[in-house]
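Visitor: One structure, pasted below without further comment.
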């Protein structure tokens, strides 16, 4: 498509001589701008994908895909028939009984608010995100009416470890002649877990189901049933089937509805960041246009001589297309490599910068996660690279067309 002569002339024009140094500087800035734009876009999109995936895995790892609540808020009685009925439905993997309540945890003079979840030991063992991230103790000791397992950050904040006692204070107290007295009871810590999400590691306590029923005075009742399905994305459809099968005995809520505002905010932020960072590539493309226009103006006499020697308008246009496109292609490929390398090592880079500057760049209590995630989506990366190449090629069309339209007689007359 392009002849060796056209390639030779294009590369010669890109190698600036002393009087053309300014044009070369603009071309180099264009190349660096496209490289940084492509790399930044790949990095930011990968981090946003990582955020969404990590949060999704942790939220769905510790919570059910569907929650079934009884007609009375906060309490389900005679739930065993409903549990058996749900387990027999297609698409349902498991159904867990759950007791949930808010408490104030106190130890060593430190008090922190927490969520207590009562669950059977065998059901907790099936939640790999908890079972595989036990920091101290073990699930084997998770039995009895006075034991708990708490988040590692919460345990560190309160200065407790395995074997220590933590007093739990429930706002739903005991009614006495002198008013309502908060319910208090000491529990032994038999284990700590750290799943990597600040909200759970610093505010969750697990308790055996029977112990939680006694503590929250639910007798044989529970707060709700958690349902796990084969594919979390089909949870809304399965929820409709569950609602139909229960025939009004309970209400069903899926994880997408419960966390819709959270994930919608991430999606909006992701779209806005993509739009803003695309402008970097667009600005670099305009730099290619300006540098090529200046090169065409500077090479007007050379173009006229080439035309008189037999070069066609098409050859002139292709020469400047190659010159401009080379800047865009090299910049895009450099940005592609830089973006992938940065995204693959982003956690190590974060730690290095934190050690070098002595600052906390990624506070877990603000960003929910304790590590900076990055998930590279091949489809997105391909789209970003194609966009960079496309804008680079589009930027060369007008200057190349303008070069091809130069009249040799006019150009030589004014030289």
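The values are calculated or read from the model by the stated rules, or taken from the named source; none is laboratory data. Since we're looking at a predicted model, the values are computed, not measured. Here the Cβ positions follow ideal geometry from the backbone for every residue, glycine too, while neighbour counts run over all protein chains shown.
Visitor: Within the range 259-273, take every residue that is surrounded by 14 or more Cβ atoms within 10 Å (Cβ to Cβ) and at pLDDT 80 or above and give me the one that is farthest from the chain's Cα centre (by Cα).
Guide: 273
Visitor: In the range 279-318, what count of residues is obtained for those that are part of a loop (DSSP other than H, G, I, E, B) and over 30 Å from residue 36 (Cβ atoms)? Give the derivation first.
Guide: Restricting attention to the range 279-318, the residues satisfying the condition of being part of a loop (DSSP other than H, G, I, E, B) are 299, 309-312.
Those still in the list that are over 30 Å from residue 36 (Cβ atoms) too: 309-312.
Residues flagged as part of a loop (DSSP other than H, G, I, E, B) and over 30 Å from residue 36 (Cβ atoms) within the range 279-318 amount to 4.
Visitor: Okay, moving on. Going through the range 219-252 one residue at a time, which ones are within 30 Å of residue 145 (Cβ to Cβ) and touching a strand residue (DSSP E or B) at 6+ places or on another chain (Cβ under 6 Å)?
Guide: 221, 222, 223, 224, 225, 226, 227, 228, 250
Visitor: What residue, of 60, 31, is at pLDDT below 80 and part of a helix (DSSP H, G or I)?
Guide: Values: 31 fails: at pLDDT below 80.
Matching residue, one of 60, 31: 60.
Visitor: Additional query: Looking at 237, 243, 256, which one is without any contact (Cβ under 8 Å) to a residue 24 or more places away in the chain, assigned to a helix (DSSP H, G or I) and under 22 Å from the mean Cα position of the chain (by Cα)? Give the derivation first.
Guide: On the way: 237 fails: under 22 Å from the mean Cα position of the chain (by Cα); 243 fails: under 22 Å from the mean Cα position of the chain (by Cα).
Only one candidate qualifies: 256.
Visitor: Condition first: more than 34 Å from the chain's Cα centre (by Cα) and part of a helix (DSSP H, G or I). Now tell me which residues in the range 205-234 satisfy that.
Guide: 210, 211, 212, 213, 214, 215
Visitor: Check off (1) within 28 Å of residue 64 (Cα to Cα); (2) crowded, with 17+ Cβ neighbours inside 10 Å; (3) in contact with a helix residue (DSSP H, G or I) (Cβ under 8 Å, 6 or more places away or on another chain) for residue 131 and give me the number that stays unchecked.
Guide: (2)
Visitor: Next up: Please go through the range 57-81 and pick out each residue that is under 16 Å from residue 227 (Cα atoms) and without any contact (Cβ under 8 Å) to a residue 60 or more places away in the chain.
Guide: If the condition is that a residue be under 16 Å from residue 227 (Cα atoms) and without any contact (Cβ under 8 Å) to a residue 60 or more places away in the chain, then 80, 81 are the ones that fit.
Visitor: Checking residue 91 against (1) touching a helix residue (DSSP H, G or I) at 6+ places or on another chain (Cβ under 6 Å); (2) surrounded by fewer than 17 Cβ atoms within 10 Å (Cβ to Cβ); (3) more than 18 Å from residue 226 (Cβ to Cβ), only one condition comes out false. Which one?
Guide: Result: residue 91 fails condition (3) only.
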